[in-house]
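Q: Mind looking over this structure? Questions follow.
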Amino acid sequence: MTENTKTHVILLSCGSFNPITKGHIHMFEKAKEYLHKTGKFIVIGGIISPVHDSYGKPGLVPSRHRLTMCQLAVQSSDWIRVDPWECYQDTWQTTCSVLEHHRDLMKRVTGCILSNVNTPSTTPVIGQPQNKTQTAIYQNHNTVNNKPTAIKLWGKMSESLGKICCVRPHIDRFTFVDENANLGTAMRYEEIELRILLLCGSDLLESFCIPGLWKDSDMEVIVGDFGIVVVPRDGVDTERIMNHSSVLRKNKDNITVVKDDANHPMSIVSSTKSRLALQHGDGHVVDYLNQPVIDYILQSQLYINASG
């Protein structure tokens, strides 16, 4: 498959990130590596979306701290960014609504339709400007040979999004894309298909099987319309999990399970283990957290209490 015919993917990960661990970043890297190996996908971006403070989880520190820690954890990444939209809402948002927000935002930014898993769009995500007078996100004044790739477009779009700032108390260091933002449309230099996929661990996949925990309608949208990429943890049998849920079983083709040849211990994703290590002064905390995150936690005196 050529680059143009491959499905271009933005990976979205939702969660508490309380705190964000090395394992969370590792999930992004392993998912990207595996999707590229399949020859069907090109990952052009990653989004970390921390949950709202009203989620109500015991021991959840304020979002201003979790956003800062996430930002510190990805500061050296050229393709993963932190999005504060969830934290800035009036209340907790469902995973389904977060996916739909980012899909709608990308529609406004590109002026085109993002395809669902089951119903690929006939309209390219990078389309001709609907209004010739609008300023394109990416304009090329050189030869055709220098046309931008989708990866370059993602970088340029991220740059454009970053210019829209919405100041919020205590979190004014973060850029925020207002829900009414209108950035115009992007020029079409190549026709590609773009999807937003939910990136998660096998624990979230297993939670789909717990009766009453998820709305069936939300599960249908998450798995049926968007699709998910699962990074297994500690040898969990994802096949068994999928067969235990009628929604997962029906949409099995929309679930990509990352196979890690190195058999990496994905338990280091655990924020709980990180908090316990911090509370007990365990030196192994450096195995779980990046040093800038550890420094921020110590400076801000987070996770000192044993609660949560």
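Q: Within the stretch 209-225, which residues are hydrophobic (A, V, I, L, M, F, W, C), touching a residue at least 40 places away in the same chain (Cβ under 8 Å) and open to solvent by less than 10 Å² (accessible area, probe 1.4 Å)?
A: Answer for the stretch 209-225, where residues must be hydrophobic (A, V, I, L, M, F, W, C), touching a residue at least 40 places away in the same chain (Cβ under 8 Å) and open to solvent by less than 10 Å² (accessible area, probe 1.4 Å): just I222.
Q: Still on this structure, please answer the following. Looking at the stretch 230-266, which of the residues that are assigned to a helix (DSSP H, G or I) and open to solvent by less than 30 Å² (accessible area, probe 1.4 Å) is modelled with the lowest pLDDT?
A: M266
Q: Let me ask another. Quick one: which of L213, L205 is touching a Pro at 6+ places or on another chain (Cβ under 9 Å) and at pLDDT 90 or above? Break it down stepwise before answering.
A: Working: L213 fails: touching a Pro at 6+ places or on another chain (Cβ under 9 Å).
So the residue among L213, L205 that is touching a Pro at 6+ places or on another chain (Cβ under 9 Å) and at pLDDT 90 or above is L205.
Residue by residue, here is whether (1) open to solvent by 40 Å² or more (accessible area, probe 1.4 Å); (2) at pLDDT 95 or above; (3) more than 17 Å from F226 (Cβ to Cβ); (4) in a helix (DSSP H, G or I) holds:
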position	(1), (2), (3), (4)
H8	no, no, no, no
G39	no, no, yes, no
I47	no, yes, no, no
P58	yes, no, yes, no
L67	no, yes, yes, yes
S97	no, yes, no, yes
L114	no, no, no, no
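Q: Moving on. Name the pairs: first residue in the stretch 57-75 and closer than 11 Å to N290 by Cβ and of a type outside the set (K, R), second residue open to solvent by 30 Å² or more (accessible area, probe 1.4 Å) and in a loop (DSSP other than H, G, I, E, B), Cβ to Cβ under 8 Å, at least 6 apart or on different chains?
A: Between residues of the stretch 57-75 that are closer than 11 Å to N290 by Cβ and of a type outside the set (K, R) and residues that are open to solvent by 30 Å² or more (accessible area, probe 1.4 Å) and in a loop (DSSP other than H, G, I, E, B), the close pairs are L72/N290; A73/N290.
Q: With respect to the numbered conditions (1) without any contact (Cβ under 8 Å) to a residue 40 or more places away in the chain; (2) over 21 Å from M106 (Cβ atoms); (3) under 14 Å from the mean Cα position of the chain (by Cα), which one is the sole condition not fulfilled by F17?
A: (1)
Q: Could you tell me whether the stretch 174-197 includes any residue that is part of a loop (DSSP other than H, G, I, E, B), over 18 Å from D104 (Cβ atoms) and at pLDDT 75 or above?
A: Taking every residue of the stretch 174-197 in turn, none turns out to be part of a loop (DSSP other than H, G, I, E, B), over 18 Å from D104 (Cβ atoms) and at pLDDT 75 or above.
Q: Scan the stretch 228-254 and report the pairs whose first residue is touching a residue at least 40 places away in the same chain (Cβ under 8 Å) and whose second residue is surrounded by fewer than 19 Cβ atoms within 10 Å (Cβ to Cβ) and not in a helix (DSSP H, G or I), with Cβ atoms within less than 6 Å and a gap of 6+ or a chain change.
A: Once the first residue is touching a residue at least 40 places away in the same chain (Cβ under 8 Å) and sits in the stretch 228-254, its partners that are surrounded by fewer than 19 Cβ atoms within 10 Å (Cβ to Cβ) and not in a helix (DSSP H, G or I) give N254/V117.
Q: Additional query: Does F17 fit the bill of being in contact with a strand residue (DSSP E or B) (Cβ under 8 Å, 6 or more places away or on another chain), crowded, with 20+ Cβ neighbours inside 10 Å and assigned to a loop (DSSP other than H, G, I, E, B)?
A: Judged against the criteria, F17 is a match.
The values are calculated or read from the model by the stated rules, or taken from the named source; none is laboratory data. As the structure is a prediction and not an experimental result, all values here were calculated from the model. Here Cβ is always computed from backbone atoms with ideal geometry, including for glycine, and neighbour counts include all displayed protein chains. To get the accessible areas, we keep the full protein, side chains included, count just its heavy atoms, and leave off ligands, DNA and RNA. Shrake-Rupley method; radii C 1.70, N 1.55, O 1.52, S 1.80 Å.
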